[in-house]
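For reference, the structure discussed in these notes is given below.
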Amino acid sequence: MAKHKDVRIPDAGAYTLRRARVPDVFFDGTMPGRERDADGCALVDLSIAGGKIAGIAPAGSAPPGPGDVDLEGRLVWPTLIDIHTHLDKGQVIPRAMPDGTLDGGAIGTFEDRKRWTHADMHARMSFGLRCAYAHGVGAIRTHLDSQEENAPTSWDVFRELRDEWAGRIDLQAVGLVPLTFFRKPWGRDLAKMVAGSKGVLGGTTDAIGHYDGARNEELVALLDLFFEIAGAHGLDVDMHVDQSDDPAAFSLPLIAEAVLRTGFKGKVLAGHCVNLALQDEATIQRTAELCAKAGIAVSTMPTPMVYLQDRKPGRTPRWRGVTAVGELLAAGVPIAIGGDNCRDAWFPYGDHDMVDTLQQSVRVLQLDHPLTPAIAGTGPVSARIAGFAQAGRLVSGGPADLILFAARTLNEFMCRPQSDRIVLNAGARVRDPLPDYAELDAILAV
Ligand SMILES: [Zn+2]
């Protein structure tokens, strides 16, 4: 009996991963018809040749070969997708230290941004990517703070890293500014630059401030302008939405109405939307249905929200800080899961590990029994939203970018950190270690 730790992946050539257990959701509707187990997983033989998945067949039916590896029913997943992170901000601890508040995150980032030279960003973003790669993340959508003064450098570094990491991590960037920036000439310039970099247009509704009676009209006009600019450049959009515990600062339904009103043709991803969970039941229901009608997908990033939301000195939080995921899913809204901030002024923890993010999200969101929607949110759902072709799905002809787990069941998967996972890139074992924190010392020395 070959234990997980004894698995040997051939260095080259063709081989078959025999008796691999794969959650059905990763086949994305292309599973070779056969029965599933109680977890909704299929037992298959995965044939690998030339770095690609050459075939997916029911277990026991692939022709044997000398390099075959019998996994004896252990889990094999495709590399996962992080739909929402901020590589540009990350790995700055202790140069910047969060204080646990949203205001502290904004102020700390504003201060740290002054140090974002090309070399500084390249070093920190590379570090983050190396973490993600070692953990088995195959695609990342990162937001980039895109104020006029720093956007050219940030996007230069991003484009360099996207080329450098091609074939290992599929990278996509979102130009992130407060929605109010689209009133300025820079808004249109940014959209042009984002389009030229095959990016996505971002905007945050959070920075509009404290709302009064004029708020709705102001936001409605801004959203029309935002979708007009994005549409003119053929861009998809990914917004930071309602990252607030104030139920009155509620822009999600206005975004959905704007999409329907303007006939915007691109994809719309609304991130966070946490105060949806603080609305009354009828409003939650109505808003979820409106999002479904407008074709809006929602991304949820529970790990930093649990840290940031409902934090008050001397008081234990009463609210988990996350959106109404169950109601959104029930209404047919696609839900993607992201890792978000990592070791920055907003959130001091994290390691760009989507296995950890998934495990924490399941617990925070009670997204289990079954686990399928949560798993889908780290793979096929995110792939469809972002248009990633290389990760999050397991299809014949696709790259053999895989994660092999010691776990045989989803319960076993959920109960350990899976630190002994084996990551494959193009069919070969990834041996790159997690980067050493000491590598950041020089760049973070003030
Ligand atoms: Zn974010």
**Complete:** Expected max-MSF residue from 247, 66, 178 in the GNM of the chain (alpha carbon, under 10 Å) is 66
**Request:** State, to one decimal in nm, how far the label point of residue 316 lies from the label point of residue 188, with both points 7 Å from Cα in the Cβ direction.
**Result:** 5.5 nm
**Asked** Say each of residue 428 and residue 149 gets a label point 7 Å from the Cα, pointing the same way as Cα to Cβ; how far apart are those two points in nm?
**Response** 4.5 nm
**Prompt:** Rounded, prolate or oblate: which fits the range 57-136 when a ≥ b ≥ c are the square roots of the eigenvalues of the alpha-carbon gyration tensor, with rounded for a/c under 1.5 and prolate only if a/b beats b/c?
**Reply:** prolate
**Request:** List the trypsin sites (Lys or Arg not before Pro) within the range 334-430 that fall in a DSSP loop (any state other than H, G, I, E or B) and whose Cβ has at most 16 other Cβ atoms within 10 Å.
**Result:** none
**Asked** In terms of the ratio Rg/(2.2 N^0.38 Å) built on C-alpha atoms, what value belongs to the range 325-446?
**Response** 1.20
**Item:** DSSP beta bridge pairing in the chain, given as percent antiparallel to the nearest 5
**Value:** 40 percent
**Prompt:** Can you work out D for the range 80-386 in µm² s⁻¹ from Stokes-Einstein, where Rh is the Kirkwood radius over C-alpha pairs, the temperature is 37 °C and the viscosity is 0.692 mPa s?
**Reply:** 171 µm²/s
**Asked** Let a ≥ b ≥ c be the square roots of the eigenvalues of the Cα gyration tensor of the range 85-191; is it rounded (a/c under 1.5), or, if not, prolate (a/b larger than b/c) or oblate?
**Response** oblate
**Asked** Hey, what's the Kirkwood Rh for the range 275-318 if you take every pair of different alpha carbons, in angstrom?
**Response** 12.5 Å
**Request:** Any chance you could count the Lys pairs in the range 80-386 whose alpha carbons are under 26 Å apart, treating pairs 8 or more apart or on different chains as valid?
**Result:** 18
**Complete:** Mean separation of Cα contacts under 8 Å (at least 6 apart) over the residue count of the range 80-386, i.e. the relative contact order in percent, is 23 percent
**Asked** Hey, got a sec? Which GluC sites (Glu not before Pro) in the range 62-157 land in a DSSP loop and have at most 16 other Cβ atoms within 10 Å?
**Response** 72, 148, 149
**Request:** Indicate the gyration tensor shape class of the range 367-406 (rounded, prolate or oblate), computed on the Cα atoms with a ≥ b ≥ c the square roots of the eigenvalues: a/c under 1.5 is rounded; otherwise a/b larger than b/c is prolate and the rest oblate.
**Result:** oblate
**Request:** Whenever you get a sec, compute what percent of the accessible area on the chain sits on carbon and sulfur atoms (1.4 Å probe).
**Result:** 53 percent
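The values are calculated or read from the model by the stated rules, or taken from the named source; none is laboratory data. Keep in mind the model is a prediction, meaning the values are calculated, not measured. Quick reminder, even Gly has a Cβ in these numbers, built from the backbone with ideal geometry, and neighbours come from all protein chains shown. Surface areas here come from the heavy atoms of the whole protein model, side chains and all, with no ligands, DNA or RNA. Shrake-Rupley method; radii C 1.70, N 1.55, O 1.52, S 1.80 Å.
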